[in-house]
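Contents: one structure, followed by commentary.
The values are calculated or read from the model by the stated rules, or taken from the named source; none is laboratory data. Computed from a predicted structure; not experimentally measured. In this analysis, Cβ positions are derived from the backbone assuming ideal geometry, glycine residues included, and neighbour counts consider all displayed protein chains.
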Amino acid sequence: MSIHARPPGDRVFSRRPGLSVSHRALLLPGYRTPPLGYLPLDPYLIGQAHVSYTFRPGLWLCASTGYGYGGESTINGASADDRKGNLAWGLSLGIPVSCAMGFKLAYIGARTQENTGADTDTFSIGFSVMW
């Protein structure tokens, strides 16, 4: 037996905190210098959390949530009053068909917390083949 082997039923949990900051500016197509439509954006801060559990090889469940805030545009030096605030969550289930194939079922929901943005609900199904 290897010194790294765990007894059956032993659960392993891990944490991996992270922080992401994005600062971008959008240039309209065809322009190489900042034109009348130059859109610098304030930083958009995002926090995420994910929890996953593997029942057996290939069969897993994952729940996620995230919140993003900021990203207000400035047009020609004036605030566009379009700050973003979005709350999102999701649930995914992986179902094995064989050791090399499986399905993934997922739901993703998002709700805007500001006057800009959209409320969405997305369902998806995928099939994976590993070779």
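At a glance:
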read-out: Leading residue by the ranking (nearest to Ile46 (Cα to Cα)) among those in segment 106-131 that are of a type in the set (S, T, N, Q) and assigned to a strand (DSSP E or B); value: Thr112
read-out: Count of segment 71-92 residues which are over 16 Å from the mean Cα position of the chain (by Cα) and either of a type in the set (Phe, Trp, Tyr) or in a strand (DSSP E or B) (or both); value: 5
read-out: Given (1) surrounded by 11 or more Cβ atoms within 10 Å (Cβ to Cβ); (2) at pLDDT 55 or above; (3) not β-branched (Val, Ile, Thr), number of the condition Leu27 does not satisfy; value: (2)
read-out: Residue that is nearest to Cys62 (Cα to Cα), among those in segment 93-124 that are within 16 Å of the chain's Cα centre (by Cα) and of a type in the set (Ser, Thr, Tyr); value: Tyr107
